[in-house]
Structures are given as structure tokens and as C-alpha cells.
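Visitor: Provided herewith is a single structure, encoded as C-alpha cells, for subsequent inquiry.
The values are calculated or read from the model by the stated rules, or taken from the named source; none is laboratory data. Quantities reported herein were computed from a predicted structural model and do not represent experimental measurements. Positions of Cβ are generated from backbone atoms using ideal geometry, with glycine treated the same way; all protein chains shown enter the neighbour counts.
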């Protein structure tokens, strides 16, 4: 099992290795361009190549495959739902039929191809996001975002949300453990009641904490905006990494075009 910091935090991004040491701006640019290539690819080869590259890079830097699979679980479930709906609602060439409540439900060949392509695009896109988020600390990502002229209001909100989401998780765990000790989950009815109390308690605590944090920030001179400046510079290894990743992007693009 993994603790909450490994699942939700950037524990692995804080470690020193070849991938985490790259300039955040290089990885952001690579991720954005690769996402565009992934979405515009007419075949499944480009999304699969992107997924293999990203997941292999994460495994090489020491991220457990089970943790990657855990983070991929929900996107894979959603992609599977899209695949099923495309099979039965898109296309004209029948591939198979299933009798259901006296009705012949037909699956179409074009729907299978389209659904599988969408599924691969989802896997490729999620793999890129995992590659960026699990190999780059959040503070470096947000600082690099200022260099790309992202509005400061979004960066400030992201900083605050990322900081206090873990505080809420810890409070939720503490409340749930206290309820469990008091047999708050010994049957279904009591479990639903305990969950409702937990949710309402978290909302009240979040509101109260927001008021206290704002008061503390105001006392420390907060006037509505934070001073955020990016002072990083490109090293020789970052330039070489940008060249290598550009070559990888070209391979991804050609993999989809040449296989048509």
C-alpha cells in the first residue's frame, strides 16, 4: 500500500535524477506539444508510443508500476466506457450482435476502431500528465508557469489549493478514525450518517480555516497579489534535453503519419 503523500503528493518529483533535474519549462513545452500531437494523431501508434515513452521514463526514475497503475485506473475506466459506447452507437458495418431483452444490439466495426483510437488518446494524454506531474515539483511547475505568462491569479489559487488540500485530507482521516473508534461504520445506515457528518464537518472546517488563513496573510502584508518571479536559467544539459525531446516529438508525429 502507498501513503497519501505518495499517491497525491510529489514525493518522487523531489528526488534527484536525470528526469527531475531537467528544466521545468522544457518539460512543460514538451508535454503541451506532445498533447497536441496525441490529440491530432489519426492512428493509435502515436498515442501508444507516447504512453510507452512516458511510463517507461517514470519507471526508470524509480516510481513503482503499481502506483502508476493506480493513477491510471480511473482514466482507463472512463476510456473503456467511451469504447463501449462508440462500438454500439457509431458506424454502419455490423461486427457482432447481442440479443438483449428481445432486441438485437449491434456492434459496429467503425465504432470499434474509433473507440479504440479515443481510448489510446486518453491513455497517451494521461501518461503525459503523469510524466510532467510526477517528475516536476509543484513549486517549479507554478514558477515556470509565470515564465509562460500564465495569469497570477491562477498560480496563486493553485498554490493555495495544493497546500491546503493535504490539510483537508489529514483532517478527514482524523475525523474518520474518530468515527471508526466510536463504531460509526458498523452498519450501512450508520456509515451513511457518519459520512454525512464527515462531509459537513470538513466544509465548516474549510470555511473556518480560509478565514484564519486570510487574516494571517493580511497581517503579513498580503494586498491581493503575491510576488512571484522566475529566476531560473537554461543550462547546457537543458538545451541538450530540449533537442533530444524535440527529436522524440518528431518520432511521435511520424509514427502516426507514416502508418496511415
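Visitor: Do you know which residues across segment 130-156 are assigned to a loop (DSSP other than H, G, I, E, B) and without any contact (Cβ under 8 Å) to a residue 60 or more places away in the chain?
Guide: Residues satisfying the conditions are 149, 150, 151.
Visitor: What are the pairs, 6+ residues apart or on separate chains, where a residue within segment 234-256 that is farther than 14 Å from residue 31 by Cα has its Cβ under 6 Å from a residue that is part of a helix (DSSP H, G or I)?
Guide: Filtered contacts from segment 234-256: 238/26; 255/45; 255/46; 255/49; 256/45; 256/46.
Visitor: Helices (runs of 4 or more DSSP H) wholly in segment 1-114 with at least 2 residues that are crowded, with 16+ Cβ neighbours inside 10 Å and touching a residue at least 60 places away in the same chain (Cβ under 8 Å) - which ones?
Guide: Ranges flagged: 24-40, 45-60, 65-89.
Visitor: Out of curiosity, is residue 204 assigned to a loop (DSSP other than H, G, I, E, B), surrounded by fewer than 11 Cβ atoms within 10 Å (Cβ to Cβ) and modelled with pLDDT of 80 or more?
Guide: Answer is no for this residue.
Visitor: So, in segment 117-157, exactly how many residues are surrounded by fewer than 19 Cβ atoms within 10 Å (Cβ to Cβ) and either under 22 Å from residue 56 (Cα atoms) or within 14 Å of the chain's Cα centre (by Cα) (or both)?
Guide: 6
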